[in-house]
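Data first, discussion second: the structure below is written as structure tokens.
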Amino acid sequence: MLEFQTEEGTLRVLLKGEIDHHSAGQLREQIDCKLDELLPRLLVLDFGGVTFMDSSGIGLVMGRVRQAAAYGGKVEIAVPAGHIRKVMQLSGIDKIARMQAPAAHPAEQKG
């Protein structure tokens, strides 16, 4: 499951649930379609709502880095502390895309 947010040349993709070989193909198609439509300067893949990820998530990021680079765009990854961040770092993905903390989701904000 995912949600798109756009603002001034940035496309933020809020990923939710599990990312595995069953779901990765559909996620890729949806993200690629939006990339082709908007050609954002910056794509932010926000893993803040992801509960499980296998190596398919790494492939998802690598493919979007290649696609964005083809038209001069960049990719950043928003990853919370924990096992998903560790998987990203162990894979070396942080060498090709900048990692940041995920955006606060409205349901998580306290005021």
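The values are calculated or read from the model by the stated rules, or taken from the named source; none is laboratory data. Every value quoted in this text rests on a predicted model; they were computed, and no experiment measured them. Don't worry about glycine lacking a Cβ; one is built from the backbone with ideal geometry, like all the others, and counts go over all protein chains shown. Areas reflect the complete protein model, heavy atoms only, side chains present, ligands, DNA and RNA absent. Shrake-Rupley method; radii C 1.70, N 1.55, O 1.52, S 1.80 Å.
DSSP beta bridges fully contained in the chain are about 25 percent antiparallel. Taking all Cα pairs closer than 8 Å and separated by 6 or more residues, the relative contact order of the stretch 40-95 comes to 50 percent. Accessible area per residue was computed with a 1.4 Å probe on protein heavy atoms; THR51 scores about 90 Å². Using the alpha-carbon positions of the chain, Rg (one decimal) and Dmax (whole number) come out as 13.0, 41 Å. Helix content alone sets the calculated 222 nm mean residue ellipticity of the chain: runs of n ≥ 4 DSSP H residues at -39500 (n - 2.57) each, divided across all residues, give -11500 deg cm²/dmol. The relative contact order of the chain comes to 25 percent, based on Cα pairs under 8 Å that sit 6 or more residues apart. Here the stretch 66-91 and the stretch 14-62 have alpha carbon centers that stand 10 Å from each other. Over all other residues within a Cβ to Cβ distance under 13 Å of ALA24, the charged ones net out to -3, with Lys and Arg as +1 and Asp and Glu as -1. Computed from the alpha carbon atoms alone, the convex hull of the stretch 1-60 holds 71 Å³ per residue. In terms of distances greater than 21 angstrom between alpha carbons, the cross-link table entries LYS16/LYS86; LYS16/LYS95; LYS34/LYS95 yield LYS16/LYS95; LYS34/LYS95.
Rolling a 1.4 Å probe across the protein heavy atoms gives the chain an accessible surface of 57 Å² per residue. With a 1.4 Å probe and all protein chains left in place, how much of the accessible area of the chain comes from carbon and sulfur atoms, in whole percent? Roughly 52 percent of what the probe reaches on the chain is carbon or sulfur.
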